Amino acid sequence: MKQIVNIEVHFSVIGFCNCYILSALPETDESPGRKPAIVIDPGIFDESLLTLIEGNRYDVKQVLVTHNHEAHVRGLKTLKKIYDAEIYARASLVEGFRTQVLRGGDELVLSGIPLSVIEIPGHSEDSLVFRVEDALFTGDTIGAGRVGSTKGIAERSLLIGKLNERIFSIPGNPFIFPGHGPLSTLEAERRFNADILLS
Amino acid sequence: MILFPHCTQEGCESFAVYGRNTCLLHTTDQHAYKDEGSLLLEGQRKAENMNLPGLKLSHSSLAEREFIGVRFSGMDAEKISFRDCKFRLCFFENSRFTSCDLKGTSMQYCVFAGSSLTDCDFSSTDILHGNFNGTLIAKCSFQNSDLYFSHFINAVMEDVSFVDCNLRKVNFANSSRTGVNFKYSNFEEAYFNPESVS
């Protein structure tokens, strides 16, 4: 039986990063009165993100980090002052916090939400994509119409190769929630992603 | 938005349409579903978390409605007024909009990829983080709009007005543009070259 997941999106002009809040529906009884939730890539923790979390009575239990770049993790220190959340990332240390280290192929259930971990190096060595039911949280590996930036040709080739192998092989048409810019779908990226089409 | 439940047909990975246990393909009463969907939209001021693919709408007004997390994929809309509507996290990919009025709408994180937009008025809109990749856009006006961080990658545009628009972080890479007017817009803050895609 598929878990119904609610997704909230928060955008910050500092770092231009998309941050996501995930919660399971119907609510679990893990945290009476408040809904256990996952935050993905808190690039900044500002008043509007706090309002989004508190206004919806979320209790942030976990933070997932797609990769350890400042635009995606800068909000961690403030978030950790407010919420007792565990951090999950490929890197063992993020913003001075020890993490639960993830590897490709890992499958977890966090805040009642099943998710799997896909490693897509290229933009950075530690880049992860989180697959949650029919959603892919892609960080800076792929966004609407483009793939992530890379340091050189070798890294770009690695990134596109891994995307073809591990993301474009996923059946169906999951939603894509990237680290920056507009949302997309996997079918749209198959058809219109300029970097993929030109590769 | 929510991630919609799947079709109950064995082996089918598609999303079940609103009010049914099956996807559009496996819905036996497609006409009834589409009629119900159209009536539903017309009768509500606010629609949230609905999967309503394949609707055919014509000659009606949905002005001043609010839509959050609604999937309209494959919609065929002709002469529909969406004037002053609010859309957030809505998916219109592979849709067809003909002679529609979207003036004054507010859109955040909406996806139009692969759609065709003909003779539509998007003037005075706020389209933030819009995905127009691979769209065919003809005889449309985005005049006086904020298109912050929207993408038109691989779009084909003919006779489109982007006059007096905010184009900050807008990406037009690999797009084809004939008769496209950027007058009074900050096009220097947009991306046009293929190499700027990544």
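What follows draws every value from the coordinates through simple rules; no lab data is involved. No experiment lies behind these values; they were computed from the predicted model shown. Note: ideal-geometry Cβ built from the backbone for every residue, glycine included; neighbour counts use all protein chains shown.
Which whole number gives the average count of other chain Cβ atoms within 10 Å of the Cβ atoms across peptide B:3-16? Could you put the intermediate results ahead of the total?
On the way: counts 15, 5, 6, 5, 0, 0, 0, 0, 0, 1, 5, 3, 4, 1.
Partner Cβ neighbours, averaged per residue: 3.
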Modelled FRET efficiency - R0 25 Å, residue A:165 with residue B:12, Cβ distances, 0.05 increments:
0.50
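What's the local net charge at residue A:2, with K and R +1, D and E -1, over the other residues with C-beta under 11 Å away?
On the way: positive: none; negative: A:133, A:134, B:13.
For residues surrounding residue A:2, the net value is -3.
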Formal net charge of residues neighbouring residue A:87 (Cβ-Cβ distance under 14 Å; K, R +1; D, E -1):
+2
Acute angle (nearest 10 degrees) that the helix B:30-43 long axis makes with the longest principal axis of chain B, alpha-carbon atoms
60
Residue order, fewest to most surrounding Cβ atoms within 10 angstrom, among B:157, B:1
B:157, B:1
Compute the FRET efficiency between residue B:35 and residue B:61 as 1/(1 + (r/R0)^6), taking r as their Cβ-Cβ distance and R0 = 22 Å, and round to the nearest 0.05.
0.80
Contact order relative to length for chain A, counting C-alpha pairs under 8 Å separated by 6 or more residues, stands in percent at 16
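What order, most packed first, do the peptides B:159-170, B:54-65 have when packing is the mean number of other Cβ atoms within 10 Å of each residue?
Averaged packing, sorted descending, gives the order B:159-170, B:54-65.
Based on Cα coordinates alone, diagonalise the gyration tensor for the range B:1-126, multiply each eigenvalue by 5, take square roots, and list the semi-axes in whole Å, largest first. Don't skip to the end; give the middle numbers.
Details: eigenvalues 118, 42, 36 Å².
Whole-Å semi-axes of the equivalent ellipsoid: 24, 14, 13.
Holding the Cα-Cα limit at 19 Å, pick out from B:34/B:139; A:61/A:162; A:35/A:80; A:2/A:162; A:35/A:77; B:139/B:183 the pairs that are longer than that.
On the way: B:34/B:139 28 Å; A:61/A:162 30 Å; A:35/A:80 17 Å; A:2/A:162 27 Å; A:35/A:77 22 Å; B:139/B:183 16 Å.
Exceeds cut-off: B:34/B:139; A:61/A:162; A:2/A:162; A:35/A:77.
Using the count of nearby Cβ atoms within 10 Å as a rough guide to exposure, how do B:129, B:26 rank from fewest to most? Working shown, then result.
On the way: B:129 25, B:26 17.
Lowest count first: B:26, B:129.
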Scaled radius of gyration (Cα, divided by 2.2 N^0.38 Å) that the protein assembly as shown gives
0.96
How crowded by other chains is B:147-154, given as the mean number of beta carbons from other chains within 10 Å of each beta carbon?
5
Take residue A:157 and residue B:76, extend 7 Å from each Cα along the Cα→Cβ direction, and tell me the distance between the two endpoints in nm.
4.7
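Return a whole-number percent for the relative contact order of the range A:71-170, with Cα pairs under 8 Å and 6 or more residues apart as the contact set.
Numbers: 140 pairs, mean separation 16.8, N = 100.
About 17 percent, as a whole number.
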Using the Cα centre as the reference, give the magnitude of the dipole from point charges on the C-beta atoms of the range B:10-129 (Lys, Arg: +1; Asp, Glu: -1; all else neutral), rounded to the nearest 20 debye.
180
Alpha-carbon Rg with Dmax, taken over the range B:68-198, Å:
13.1, 38
